[in-house]
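What follows is one structure encoded as structure tokens, with my remarks underneath.
The values are calculated or read from the model by the stated rules, or taken from the named source; none is laboratory data. Quick caveat, the model's predicted, so the values are computed rather than measured. Note: ideal-geometry Cβ built from the backbone for every residue, glycine included; neighbour counts use all protein chains shown. Surface areas here come from the heavy atoms of the whole protein model, side chains and all, with no ligands, DNA or RNA. Shrake-Rupley method; radii C 1.70, N 1.55, O 1.52, S 1.80 Å.
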Amino acid sequence: MKKIKTKLNGLLVLMAISLFISGCSVFGLDLQEDYDYKKSILQENVNMTAWAYLKQRADGNNPNDTVFRWMKKAIDYSGIDTLEYTKPNRTYIFLHNDAIRRVNGSQTLQSNCFFIDYPTIVKNPDGSIKFTTPTSGIPTTSAGTKSWKDYDKETVRKYLLYLIGLGDYNYDNLTPAGVDIQSLLPAGSVATKETRLGYMVTPSTTPGFTTASTGTPAVFAFNYTGTGTAPTGFDPEGKFNLKVSNTADSKLFFNGGLIVRSSNYKCTNGTIHVWGVTVRPSR
């Protein structure tokens, strides 16, 4: 009987140790295997160029996976040199359809997308801005842009150039302090005036910022008067900023406070990061 009790006590000890180890995981108390924290961000190797990956998920063989279709439409319309998406050592900011044309079940445009945030400006017969009232200073705009064709081709091309960074930036070399990255957009670029983008004053009046893993996007002023600071629509230096939060989830932020949708897609010529809300082309 004593032997049986001894074996039983030993079994209970082993069970207790096992429960303790598993309980640590259940209650968020992971065993400290390594003292240094390591990011739990997976790198997905897509094993193709950024251009091939974009096309595959825009108009490929899977009709249920067309998340980059509206970015591909912008590329096709603008005439940007698609070889830019095959050149090495690049950082690519890809736009999910929601970042451009976010719609509900009835296909009505929703907020936080490019077509809503930068609608067309209604003009008078003489080409001047039509304001809601003569003294309001608020322009009359469309309910939302319907197509990339509502924008000047050159402005769309410039916007796409801004979304390609020189150098391969990912979780291996980005920091919580942030890195300003030179894009392909030349410094001093200006947007045309057919939409609200052409009246956006840059840089931002209030820069974007982060608090832990929460982001607050930058705030921009718009100038429709023709006096004061001239609007350009684009970052004066043609640069964008990427930074990673110093938190367990290691979120990526664009221009201070715009949280990434998905990130760290390693293509054969750089890294792709994806945003699902309006990406404003200035810091």
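Being open to solvent by 10 Å² or more (accessible area, probe 1.4 Å) and touching a strand residue (DSSP E or B) at 6+ places or on another chain (Cβ under 7 Å) is the filter here; which residues of segment 71-84 pass it? Of everything in segment 71-84, just one residue is open to solvent by 10 Å² or more (accessible area, probe 1.4 Å) and touching a strand residue (DSSP E or B) at 6+ places or on another chain (Cβ under 7 Å), namely GLU84. Scoring ALA143 on the criteria (1) surrounded by 21 or more Cβ atoms within 10 Å (Cβ to Cβ); (2) aliphatic (A, V, I, L, M); (3) part of a loop (DSSP other than H, G, I, E, B) leaves a single failure, condition (1).
Taking the criterion of being in a strand (DSSP E or B) and among the aliphatic types (A, V, I, L, M), the residues of segment 104-140 that qualify are LEU109, ILE121, ILE129.
Of the residues making up segment 204-231, those that are part of a loop (DSSP other than H, G, I, E, B) and open to solvent by less than 60 Å² (accessible area, probe 1.4 Å) are GLY208, SER213, ALA218, ASN223, TYR224, PRO231.
Rundown of residues vs (1) within 28 Å of ILE80 (Cα to Cα); (2) of a type outside the set (Phe, Trp, Tyr); (3) in contact (Cβ under 8 Å) with a residue 60 or more places away in the chain, yes/no style:
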position	(1), (2), (3)
ARG196	yes, yes, yes
THR216	no, yes, no
PHE220	yes, no, yes
THR229	no, yes, no
ASN255	yes, yes, no
ILE259	yes, yes, no
ASN264	yes, yes, yes
TRP275	yes, no, yes
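Selection of segment 118-133 for residues being β-branched (Val, Ile, Thr) and touching a residue at least 12 places away in the same chain (Cβ under 8 Å) yields THR120, ILE121, VAL122, ILE129. Of note, ASP180 satisfies the criterion of being among the charged types (D, E, K, R), open to solvent by 70 Å² or more (accessible area, probe 1.4 Å), in a strand (DSSP E or B) and within 25 Å of ILE272 (Cβ to Cβ).
Exactly one residue among VAL201, VAL190 is more than 22 Å from SER111 (Cβ to Cβ) and surrounded by fewer than 18 Cβ atoms within 10 Å (Cβ to Cβ), and that residue is VAL190. Here LYS87 meets the list (1) assigned to a loop (DSSP other than H, G, I, E, B); (2) surrounded by fewer than 16 Cβ atoms within 10 Å (Cβ to Cβ) almost entirely, failing just condition (2).
Of the residues making up segment 110-138, those that are open to solvent by 40 Å² or more (accessible area, probe 1.4 Å) and either within 30 Å of VAL260 (Cβ to Cβ) or hydroxyl-bearing (Ser, Thr, Tyr) (or both) number 9.
Residues of segment 175-213 that are under 22 Å from THR120 (Cβ atoms), of a type in the set (Val, Ile, Thr) and in contact with a strand residue (DSSP E or B) (Cβ under 8 Å, 6 or more places away or on another chain): THR195, VAL201, THR202.
Close contacts from segment 106-117, counting a first residue that is in contact (Cβ under 8 Å) with a residue 60 or more places away in the chain and a second that is acidic (Asp, Glu), with Cβ to Cβ under 9 Å and a gap of 6+ residues or different chains, come to ASN112/ASP98; CYS113/ASP98.
Within segment 52-65, if we keep just the residues that are open to solvent by less than 40 Å² (accessible area, probe 1.4 Å) and over 14 Å from VAL274 (Cβ atoms), the residue that is modelled with the highest pLDDT turns out to be ALA52.
Listed conditions (1) open to solvent by 10 Å² or more (accessible area, probe 1.4 Å); (2) within 30 Å of THR211 (Cα to Cα) are all met by GLY165, apart from (1).
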